[in-house]
Amino acid sequence: MTGAWPTLIVLVAAGLAIAAVALDTVIAGAPPMPLMPAARDVVVRLLAARAKGPVYDLGAGWGGVAFDLARRRPDLTVVAVERAVLPLVVLWLRRLVTRRRNLTVLWADVHRLDLKFAGGLYAYLNRPAMKRLAARLRHTAPAGIPVVSAGFTLPGWTPERILPVPASLLSPEVFLYRVPGLRDTDAV
């Protein structure tokens, strides 16, 4: 019976992980989906070059973009925002192991988050969530900051650039937007 315990523990842990992902999927409306490496690199390059303040990864999932950006720009604060429990635990553990001082993991709903001090935003969310986010960002995010999305557009917004990711047919297009409104440089 002693030899069966490790197997039982692994099976119970796997079952709990699957149940947590299933529950999070029902609550969020989509499972946590990692971005393909080629697309992630495009997203990180765009944000690294354009962000002038804290960058929020809205719905960070497993943290690929957040951790890559924090590594590439150690001078930049990166906030990985997630509300799903299992990905959140993974984010916290990764943060603990990597000791990435410029990365914060935040348990929050992206649709209720205070973004007035954001210097850049990234979202890889499903269509309904992107639609809600598009309406909200016009009124809550600073004008002129970059907003990068992968796979899904911000409905009603015109992208500044659309970048195809040629490395893989599975990689989504990456969209670069700017929050509309009066920018500091436009003020009279």
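The values are calculated or read from the model by the stated rules, or taken from the named source; none is laboratory data. Being a predicted model, the structure only gives us computed values, none of them experimental. For neighbour counting, all protein chains shown are included, and Cβ atoms are generated from backbone atoms with ideal geometry for every residue, glycine included.
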Scanning the stretch 101-112 for residues that are part of a loop (DSSP other than H, G, I, E, B), surrounded by fewer than 20 Cβ atoms within 10 Å (Cβ to Cβ) and not acidic (D, E) gives R101, N102, A108, H111, R112
Could you check W92 against (1) part of a strand (DSSP E or B); (2) surrounded by fewer than 22 Cβ atoms within 10 Å (Cβ to Cβ) and say which number it fails? (1)
Members of the stretch 130-156 that are small (G, A, S), under 14 Å from D57 (Cβ atoms) and assigned to a helix (DSSP H, G or I): none
Can you tell me which of L121, L125 is buried (at least 23 other Cβ atoms within 10 Å of the Cβ) and in a loop (DSSP other than H, G, I, E, B)? L125
Has the stretch 76-84 got at least one residue that is of a type in the set (S, T, N, Q) and at pLDDT 95 or above? yes
